[in-house]
Amino acid sequence: MLRCTVLVLILLTIAKIGWTREKFTIQLNEGNAVGAVLKAEPFVKIYDGYYFFGRESLNWYAAYEKCRELDSELVTFETDQEFDVVAAYLMANESRENYWTSGNDLAQTGQHKWFSSGQRISTLRWAVNQPDNAGQREHCIHLGYIYGDSKKFELNDRPCSQDGNSLFKYICEAPKLETISIVVWK
Ligand SMILES: [Ca+2]
Ligand SMILES: [Ca+2]
């Protein structure tokens, strides 16, 4: 009799679980999927990224620290399209300054990677003959008008620190946005 009662209870429990539907569902989407109003300051929206243009001239490490203070990192150009839209923004604002990116080959000379992602740098935006690791001491990557006759922004490697001619402005990039949607039965 006891065994029979337990069996009935188990069957009832299974049946109850089977009837219970989830009360809510959580869904993650890339970007601002619902067009929410965002307060992005001090970051500026350019295409689908958010950037901050630091105005102090710093070595690469100090620039990285400044970005971390904003919960961001030095800019990483995952695509040349991203490089182009940021460069176009700077040109539209008539800037010909130098700006640090997250790129470097500090871990292994000649293996240039984006520090924020660890991904290899594959770009067609290097200036002619760069990166050249001039003087065997250029391990951090910036964008700027590299040569006297340069007509556009390009990438170059320069000493990360301990060089008075490598104190540059910097671009921080905010983390990618995600939208969390919670759908509730009511
Ligand atoms: Ca990026
Ligand atoms: Ca160089």
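Treating only the Cα positions of region 34-180 as identical point scatterers, give the base-10 log of I(q)/I(0) from the Debye formula at each q in 0.18 Å⁻¹. Scattering profile of region 34-180, log10 relative to I(0): -1.05. Net length available on complete extension from Ser150 to Gln162 is 1.8 nm, with 0.36 nm assigned per residue and the Cα-Cα distance removed. Close amide H contacts of Ala33 (hydrogens built in the peptide plane, cut-off under 5 Å, sequence separation of 5 or more or a different chain): Thr179.
With a 10 Å cut-off between alpha carbons and a GNM built on the chain, which of Gly103, Gly49, Gly31 moves the most? Maximum among the listed residues: Gly31. Restriction of the trypsin sites (Lys or Arg not before Pro) in region 50-131 to DSSP coil positions whose beta-carbon has at most 13 other beta-carbons within 10 angstrom yields Arg96.
For region 77-186, the set of chymotrypsin sites (Phe, Trp or Tyr not before Pro) satisfying both a DSSP loop assignment and a count of at most 13 other C-beta atoms within 10 Å is given as Tyr147, Trp185.
Applying 0.36 nm per residue to the separation of Asn129 and Asp71 and subtracting their alpha-carbon distance, the gain on full extension is 17.5 nm. Modelled spin labels at Gln27 and Ala88, positioned 7 Å past Cα toward Cβ, are 3.1 nm from each other.
Among residues other than Glu78 with Cβ under 14 Å from its Cβ, the summed charge is -3 (Lys and Arg +1, Asp and Glu -1). Excluding same-chain neighbours fewer than eight residues apart, the lysines reachable from Lys39 by a Cα-Cα span under 25 Å are Lys66, Lys169, Lys176.
Summary value for the chain: 34 percent relative contact order, contacts being C-alpha pairs under 8 angstrom separated by 6+ residues. Between His112 and Ile121, the built amide H atoms are under 5 Å apart, and every one of these is 5 or more places off in sequence or on another chain. Taking a straight Cα-Cα cut-off under 23 Å and skipping sequence neighbours fewer than 8 places away in the same chain, the lysines within cross-link reach of Lys23 are Lys186.
Each reported figure results from applying straightforward, stated rules to the coordinates on display, with no laboratory input. Everything quoted here is computed from the prediction, not taken from an experiment. Ideal geometry is used to build each Cβ from the backbone, glycine not excepted, and the neighbour counts take in all protein chains shown.
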